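Q: This structure is in structure tokens; I'll ask about it shortly.
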Amino acid sequence: MTTISTTKTIFSGFGGQGVLMMGYVLATSGMEEDKHVTYLPSYGAEVRGGTANCTVTVSDEPIASPVASFPDFAVLMNTPSLIKFESGVKSGGIVFLNRDLVDVRPKRRDIHVVSIPVNSIAKRLGNTRGANMVMIGAFVQKTGLVSLKSVIKSVKSIFQKKGTKIHKMNTLALKEGAAFVDGLLGS
Amino acid sequence: MAKQLMCGSHVIAEAATRAGCRFYAGYPITPQNELPEYMSRRFAQIEDATFVQAESELAAINMVMGASMAGVRAMTSSSSPGISLKQEGISYIAGMELPAVVVNIMRGGPGLGNIAPTQQDYFQATKGGGHGGYHTIVFAPHSGQELVTLTMKAFDLADAYRTPIILLGDGLMGQMMEPVIFPDPIDPATLPQKDWALDGARGRDSRLVASLHLDPVEMEEFNWKLARKYDAICERETEHESYLLDDAVVGVVAFGTAARIAKGAVKRLRESGLKAGLFRPITLWPFPAKALRTLTRTIKHLLVFEMNFGQMVEDVKVSVGETATVHFHGRPGGVVSTPHEIAGVITKLMYRYNLAK
Amino acid sequence: MAKQIFKRPEALTEHIFHYCPGCGHSIIHRLIAEVIDELGIREKTVGVPPAGCAVLAYNYLDVDMGEAPHGRAMAVATGIKRARPHLVVFTYQGDGDIAAIGTAESVHAANRGERLTAIFVNNGVYGMTGGQMAPTTLVGQTTTTTPGGRLPLRDGFPLDLSQMLAVAAGSVYIERTSVTSPKHVLKTKKAIKKAFQMQMDDLGFALVEILSQCPTNWKLSPIEACRRVEDEVMKSYPLGVIKDTTQTSN
Ligand code: SF4
């Protein structure tokens, strides 16, 4: 749990990993909880070449800058993302790694690392495209930035048009991610 | 209506639609492509609304000119280099006294520059931009919700004063998503009739919309008419926000994204007992000169912070004259300062001038 | 009782034309006014005049008129027409306007098949500014900016905009005419009427290119100027229908 009133998170990975969606889900959930939120995607030429990242700020008060030079949290879905963002993470911050695709360990000692095999979990659930949902479930469970309930609700409304089957699969993936973090805490 | 999480470009597009805008023409340029894209989708659902992807920025602004002549609320949008191209049309629109809303989502320059957020078109927007010595009202929103209110207001003022209006944002305002709430849409049929619009000379004399006045005396008269109109706009439409200025010893002056960041800086300093405040012009033209000058009765140090190397600072200096010392901090090129950085600049200033306690 | 055989068209004001004696503009204005009368569209027509000698066309045509920056008439007209599709919108443009500074607007309006009627007055010079070379100036022709005559590999070749626009799939009718003799004047009127009718039938983009005479800048008498159009200009710019999608033979 965090007591900081303004929290910045960077989500990063390659195109197709649903990185922007994770940020969007977090921002929407924050909005549902009547928090102040901003979502800033990387744009234009930055997006070319297949990498994607976005910054989400969640706060109890109006947000000054949507940019994060020193994010509290970083959700990094592949190795290049770790290389790019590790140094910026605030001391004492948390890095969430996709264990299945990040093959190096962070060098810094002053940050926490939560490493989750999100691709494997998603695959086990028969939902290979749901790795981002597993990750965001784990992320909110660990950070408490918003409640898992809000996330499930906003994911449902975002994917409204896709029907109940997708909703069930997303919910399952979110819960599995959260459960994985609980398991880490328990062990 | 419920809160919606939307990026600034979409917010402008939706707010324009709700303000009764029924004609949009534009040309692709980053970082505002989301705006025409949204317009093309949105207008497809409205029977009497027209979206045109024009062959050029020039064509786009001139199409807006035509639609406006025909009496329809019209808008175009672009980013810095594209706005340069539109200046010809904006000058004619001012000269023909037509309403139009022009959105500039600023990026780095000069030249091709880059696509990062800056405030490098302040001069262009506030000093006329095109030829002939006219003004455009310039709105500088600093949040998603303000994009809603100012976009809608832009259409009203454009009609009321028959003038082009520039909504001046930057890449960050355009791309950033924030929760917004929209008011109910306006039915364009309920808007006041335009007794100058070109809609066919049925049962009336034929009308002319033109900016040509070959006779210098007539041209002079028209210029004075514009001048009086601009005076009225200055009198009635100047807007600014004061934030924690009452007991401040340093007043930051900033607009748009820079003002957002400065607000964060001011808040931080207040938490540690340092008395900073923020003066935020909402209209850049007319510039809130009077209010700023009044402020200098109590605040003797102003820090102008802009995402360029010094443009609005000139207006600040003219506004306050010798009544306060004007300092400047600028970040051109698309570098986005942190509240931390700005707080540092203010703190230094306070210690240098012994204002810290 | 005497039968009235000649009167001022309703769409023409009482202003006396300011054009030079023998200039084609006056004739063309009158033809447009007559066509507007005959089609009964005076109360729903909007014209977009050019920059140039005909900049004051709005003083003569008694319909709603909206000015456009030099070269942008097609864009302005597009805006008007799209905003109010029930209107009949025409542009009146010179060669420099339509085929030099406004080439992009012309090509794309035609390509989008804008339901517009373009009246393209081709006299081969910039008249208002004093007779400089235009995109349509003939090879070898002397102007104030081609003192030794137009040299194609220095000054470019005469541009055939009508042919260019005929290539655009959105154009439905393009014809080149002249106003050098009563016969040609009548043909021109027919073409203008057809170009308006095409718009009213919602078919697409229509244009009439009219070879006109500028005695003043050509430094010829009105009669000589007409002869020059027939003897020289028509060789480079032959008259006739360039495109007509309503004719099956095309
Ligand atoms: S200069 Fe030429 S085009 Fe212009 S009015 Fe005189 S004759 Fe006509």
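Q: Per-residue Cβ counts within 10 Å, from other chains only, averaged over C:82-94: what number is that?
A: Per residue, the number of nearby Cβ atoms from other chains is 4 on average.
Q: Mind giving me the nanometre distance, one decimal, between the label points for A:Phe159 and B:Asp48, set 7 Å out from Cα along Cα→Cβ?
A: Those two pseudo-labels are separated by 4.3 nm.
Q: Another question about this same structure. Tally Lys/Arg at +1 and Asp/Glu at -1 over every other residue whose Cβ is under 15 Å from the Cβ of B:Val316; what's the total?
A: Within the 15 Å Cβ shell, the charges total +2.
Q: B:Val318 to A:Glu61: FRET efficiency via 1/(1 + (r/R0)^6), r the Cβ-Cβ distance, R0 35 Å, to the nearest 0.05? Write out the running numbers ahead of the final one.
A: Working: r = 35 Å, r/R0 = 0.99.
Between B:Val318 and A:Glu61 the formula returns 0.50.
Q: Now, a different point. Among B:Glu55, B:Glu97, B:Glu271, which one shows the highest mean-square fluctuation when chain B is modelled as a Gaussian network with alpha-carbon springs under 10 Å?
A: Of the options given, B:Glu271 has the highest mean-square fluctuation.
Q: Let me ask you something else. Give the average, rounded to an integer, of partner chain Cβ atoms located within 10 angstrom of each Cβ in A:30-39. Could you put the intermediate results ahead of the total?
A: Values: counts 2, 8, 4, 0, 2, 1, 2, 5, 9, 8.
What the average comes to for A:30-39 is 4.
Q: Related question: At 1.4 Å probe radius, can you tell me the per residue accessible area of region B:241-352 in Å²?
A: 39
Q: Under the Karplus relation 6.51 cos²θ - 1.76 cosθ + 1.60, θ = phi - 60°, what is the ordered set of whole-Hz ³J(HN,Hα) values for region B:193-202, x standing for Gly and Pro?
A: Once θ is set to phi - 60°, the couplings for region B:193-202 become 5, 9, 7, 10, 6, 8, 9, x, 7, 8 Hz.
Q: Summing Lys, Arg as +1 and Asp, Glu as -1, what charge do residues with Cβ under 13 Å from the Cβ of B:Gln120 carry, B:Gln120 excluded?
A: Working: positive: B:Arg107, B:Arg331; negative: B:Asp121, B:Asp170, B:Glu306.
Computed value for this residue: -1.
Q: Mind telling me which of C:Gly96, C:Gly131, C:Gly71 comes out most flexible in a GNM of chain C, alpha-carbon contacts under 10 Å?
A: Maximum among the listed residues: C:Gly131.
Q: On to the next question. What distance in nm separates the simple spin-label points at B:Arg204 and A:Ala179, each placed 7 Å from Cα in the Cβ direction?
A: So the two model labels end up 7.2 nm from each other.
Q: Long-range amide H contacts for C:Thr91: which residues qualify at under 5 Å (H placed 1.01 Å from N, peptide plane, sequence gap of 5 or more or a different chain)?
A: C:Val48, C:Thr117, C:Ala118, C:Ile119
Q: Right, next: Between B:Glu271 and B:Glu241, what is the label-point separation in nm under the 7 Å Cα-to-beta-carbon projection?
A: The two pseudo-label positions are separated by 1.9 nm.
Q: Turning to a different aspect of this structure: Between B:Ala160 and B:Asp187, what's the calculated FRET efficiency when r is the beta-carbon distance and R0 is 25 Å? Round to 0.05.
A: 0.85
Q: Assuming R0 = 51 Å, can you tell me the calculated FRET efficiency for the pair C:Asn111 and C:His18, based on Cβ-Cβ distance, to the nearest 0.05? Don't jump to the answer; show the numbers that get you there.
A: On the way: r = 35 Å, r/R0 = 0.69.
Approximately 0.90, to the nearest 0.05.
Q: Among all lysine pairs in region C:25-244 that are eight or more places apart or on different chains, how many have alpha carbons less than 16 angstrom apart?
A: For region C:25-244, the number of qualifying lysine pairs is 7.
Q: Output the pairs from A:Lys149/B:Lys3; A:Lys84/A:Lys149; A:Lys35/B:Lys263; B:Lys153/B:Lys290; A:Lys84/A:Lys161 with a Cα-Cα distance over 26 Å in this structure; if there are none, say none.
A: A:Lys84/A:Lys149; A:Lys84/A:Lys161
Q: What are the semi-axes of the equivalent ellipsoid for region B:263-357, taken as the square roots of 5 times the Cα gyration tensor eigenvalues, largest first, in whole Å?
A: 20, 18, 12
Q: Just how many % of Cα pairs in region B:172-269 lie over 24 Å apart, if you round to the nearest whole percent?
A: Of all Cα-Cα pairs in region B:172-269, 62 percent lie more than 24 Å apart.
Q: Calculate one ³J(HN,Hα) per residue across region C:79-96 by plugging θ = phi - 60° into the Karplus curve 6.51 cos²θ - 1.76 cosθ + 1.60, and present them in order as whole Hz with x for glycine and proline.
A: x, 5, 5, 5, 6, 10, x, 6, 6, 9, 10, 10, 10, 10, 9, x, 5, x
Q: Separate question: Based on the alpha carbon coordinates of region A:6-186, what radius of gyration and maximum Cα-Cα distance (Dmax) apply, in Å?
A: Computed over the Cα atoms of region A:6-186, radius of gyration and Dmax are 15.0, 44 Å.
Q: Divide by every residue of chain A the summed helix terms, -39500 (n - 2.57) for each DSSP H run of at least 4, and state the resulting mean residue ellipticity at 222 nm, rounded to the nearest 500 deg cm²/dmol.
A: Values: 6 runs with 75 residues, N = 187.
That calculation yields -12500 deg cm²/dmol at 222 nm.
Q: Where q = 0.06 Å⁻¹, what log10 of I(q)/I(0) comes from the Debye formula for the protein assembly as shown, counting one point per Cα?
A: Values, matching the q order: -0.48.
Q: Please report the relative contact order for chain B, taking Cα pairs under 8 Å with a sequence separation of at least 6, and give it as a percent rounded to a whole number. Walk me through the numbers on the way to the answer.
A: Numbers: 745 pairs, mean separation 62.8, N = 357.
For chain B, the relative contact order is 18 percent.
Q: So if the hydrodynamic radius of chain C is defined as the Kirkwood radius over C-alpha pairs, what does Stokes-Einstein give as its diffusion coefficient at 20 °C and 1.002 mPa s, in µm² per second?
A: Calculated translational D: 119 µm²/s.
Q: What is the Cα radius of gyration of region B:113-184 over 2.2 N^0.38 Å, N being its residue count?
A: Compared with the compact-globule rule of thumb, region B:113-184 sits at 1.21.
The values are calculated or read from the model by the stated rules, or taken from the named source; none is laboratory data. Worth saying up front: this structure is predicted, and the values here are computed from it rather than measured. Quick reminder, even Gly has a Cβ in these numbers, built from the backbone with ideal geometry, and neighbours come from all protein chains shown. To get the accessible areas, we keep the full protein, side chains included, count just its heavy atoms, and leave off ligands, DNA and RNA. Shrake-Rupley method; radii C 1.70, N 1.55, O 1.52, S 1.80 Å.
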